[in-house]
Amino acid sequence: QVQLVESGGGLVPPGGSLRLSCTASGSIFNIYTMNWYRQAPGEMRELVARIISGGSTNYADSVKGRFTISSFNAKNTMYLQMNNLKPEDTAVYYCNLDGGWGATWGQGTQVTVSS
């Protein structure tokens with residue numbers, strides 16, 4: 001069973017930075033995509049950033065140039081570096097893996113951008 005645990009969320013002023021972490025455990029194989037999603041109150045969950053098998057990345061237009069997704073390291077941890085944060089980035093952020101075992105979601109971590 002694959003499990004994902006996110007960390008790194010918190011309260012940050014506009015213009016600030018955060019780095020979210022997502023650590024995976026379990027039987028992970030044939031990863032198709034590594035993803036970060038977010039969901040703001042009253043909104044649908046949206047894809048923020050993705051790494052596709054082979055290494056190419058995709059970003060939501062709203063975060064291009066500000067957010068950077070990185071792939072798993074030797075500690076089975078992937079990251080989302082978020083710079084120049086804006087109030088509209090406030091949301092619960094979820095990591096997601098899609099692979100040979102199926103798809104797994106983390107529990108989410110709250111990011112609040114406010115002065």
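The values are calculated or read from the model by the stated rules, or taken from the named source; none is laboratory data. Please read all numbers here as calculations on a predicted model, not as lab measurements. Cβ atoms come from the backbone with ideal geometry, glycine included; neighbour counts cover every protein chain shown. Quick note on the areas: whole protein, heavy atoms, side chains included, nothing else; ligands and nucleic acids left out. Shrake-Rupley method; radii C 1.70, N 1.55, O 1.52, S 1.80 Å.
Percent of accessible area on the chain owned by carbon and sulfur, 1.4 Å probe? Kindly include the intermediate steps, with their values, before the conclusion.
On the way: 2860 of 5910 Å².
Solvent-exposed carbon and sulfur of the chain make up 48 percent of the total.
Please label the shape of the chain as rounded, prolate or oblate, based on the square roots a ≥ b ≥ c of the eigenvalues of the alpha-carbon gyration tensor (a/c under 1.5 means rounded; beyond that, a/b larger than b/c means prolate, else oblate).
Numbers: a/c = 1.85, a/b = 1.69, b/c = 1.10.
The shape class here is prolate.
Fully extended, how many nm does the chain gain between Arg66 and Ile52 (0.36 nm per residue separation, minus their Cα-Cα distance)?
Numbers: separation 14, 0.36 × 14 = 5.04 nm, distance 1.93 nm.
Going from the current span to full extension adds 3.1 nm.
Which of the GluC sites (Glu not before Pro) found in region 9-115 are in a DSSP loop and have at most 16 neighbouring Cβ atoms, other than their own, within 10 Å?
Numbers: sites: Glu43, Glu46, Glu88; in loops: Glu43.
In loop regions of region 9-115 (DSSP not H, G, I, E or B), the sparsely surrounded GluC sites (Glu not before Pro) are Glu43.
In whole percent, what relative contact order does region 1-109 give with Cα contacts below 8 Å and a gap of six or more residues? The partial results should precede the final answer.
Numbers: 242 pairs, mean separation 40.1, N = 109.
Reported as a whole number, the value is 37 percent.
Place a label point 7 angstrom from the Cα of Gln110 along the Cα-to-Cβ direction, then list the residues of region 1-36 whose backbone nitrogen is under 14 Å away. Residues 8-12 qualify, since their backbone N sits under 14 Å from the label point.
Please compute the per residue accessible area over the chain with all protein chains in place, 1.4 Å probe, rounded to a whole number of Å².
Working: 5910 Å² over 115 residues.
Solvent-accessible surface per residue comes out at 51 Å².
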